Amino acid sequence: MSMVTLLDGGMGQELLRRSSRVITSMWSADIMLNEPVLVRDLHCEFIDSGARVITLNTYAATPQRLKRENELSQLENLHQLAMNAAKKAVELSQRNDVAIAGCLPPLVASYRPDVSLSFEDSLTTYRQLVALQSPASDLFICETMSSITEARAACTAALESGKPVWVALSVSDEYPEQLRSGESLEDALQALASFDTQATLLNCSQPEAITACWGLLKMTHRKIGAYANGFISVDSLYPGGTVEKMGIRHDMNPQQYAEHAMSWARNGASIIGGCCEIGPAHIKALHNQLCHEGFI
């Protein structure tokens, strides 16, 4: 039985829910700029709920996304604010077992590899993000990777940091054995096999989709894990759009999510958390169940 490292849950949706601001297409980056205390406090709640890895709130702070919003000048500031919030949360927790993960997300838009950059251009930007985040990051997560090219570029830049690297692939909810690009998950795992990463994860897909392709994930020779979302569908999200219209599942309360996640723990996962719509209450329920069954 593998001991499980518990990640935090999704930051963006939870921050939007707590914010008094009008939702903008800058998403969580807007809150990072204007309400950084909300970010710090949410990190604290995830730690209090049992998370031992928290991820920098920089998912929406890529040069491409900020340029689209005419806010590229805020790139360095956003990253500094995110690092400050995460480090302060760890300090307030008074724990010495909480790691901070740098975040290497899709650069242009989630779930839309058709609008992503070339390998070379992606690599240039990912190197920039790695340099910005390295001062506060204990490891890097290349997350919501929806194509092989995107994943290769992010992993290449992250590994150059000399820090541990986890890569998290996002699979199609309708065709779970494929990435959102249509490329097969098996091909993606083979393409990434030569990279010296420490873990291969699946993220920001429905938990049922993750479970459906778990057998393929288990074929890797690295640590495996997952952190699913609570969306009905991601089809309504487009580049530059807001997440207001994303349907939220009503069959994904904390205990229901924990039941999905425990099936991964019982089948070899050693890293588990939550993505969009999975909040501190979900992580707490999962933590309690992991403790009950001896995984923590």
Please verify whether the stretch 50-62 includes one or more residues that are out of contact with any strand residue (DSSP E or B) (no Cβ under 6 Å at 6 or more places or on another chain), outside any strand (DSSP E or B) and surrounded by fewer than 21 Cβ atoms within 10 Å (Cβ to Cβ). no
Can you tell me which residues in the stretch 90-108 are within 14 Å of Met145 (Cβ to Cβ) and either touching a Ser or Thr at 6+ places or on another chain (Cβ under 8 Å) or hydroxyl-bearing (Ser, Thr, Tyr) (or both)? Cys103, Pro105, Pro106, Leu107, Val108
Flag for Leu75 being surrounded by fewer than 16 Cβ atoms within 10 Å (Cβ to Cβ) and in a helix (DSSP H, G or I): no
Please go through the stretch 159-208 and pick out each residue that is part of a loop (DSSP other than H, G, I, E, B), in contact with a Phe, Trp or Tyr (Cβ under 8 Å, 6 or more places away or on another chain), small (Gly, Ala, Ser) and within 18 Å of Leu7 (Cβ to Cβ). Ser170
Quick check: is even one residue across the stretch 256-270 modelled with pLDDT of 65 or more, closer than 19 Å to Leu42 by Cβ and surrounded by fewer than 24 Cβ atoms within 10 Å (Cβ to Cβ)? no
Where Val243 falls short, out of the listed (1) of a type in the set (A, V, I, L, M); (2) within 30 Å of Val22 (Cβ to Cβ); (3) at pLDDT 95 or above: (3)
Can you find, within the stretch 82-122, the residue that is farthest from Trp27 (Cα to Cα) among those that are aliphatic (A, V, I, L, M) and over 19 Å from the mean Cα position of the chain (by Cα)? Leu92
Among the numbered criteria (1) out of contact with any Ser or Thr (no Cβ under 7 Å at 6 or more places or on another chain); (2) under 16 Å from His260 (Cα atoms); (3) charged (D, E, K, R), which one does Asp173 miss? (1)
In the stretch 1-24, the residues that are polar (S, T, N, Q) and over 19 Å from the mean Cα position of the chain (by Cα): Ser2, Ser19, Ser20, Thr24
Here the residues within the stretch 108-154 that are surrounded by fewer than 24 Cβ atoms within 10 Å (Cβ to Cβ) and hydrophobic (A, V, I, L, M, F, W, C) are Val108, Ala109, Val115, Leu117, Phe119, Leu123, Val130, Ala131, Leu132, Ala136, Leu139, Ile148
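The values are calculated or read from the model by the stated rules, or taken from the named source; none is laboratory data. Everything numeric in this text was worked out from a predicted model, so none of it was measured. Cβ: placed from backbone, ideal geometry, glycine included. Neighbour counts: every protein chain shown.
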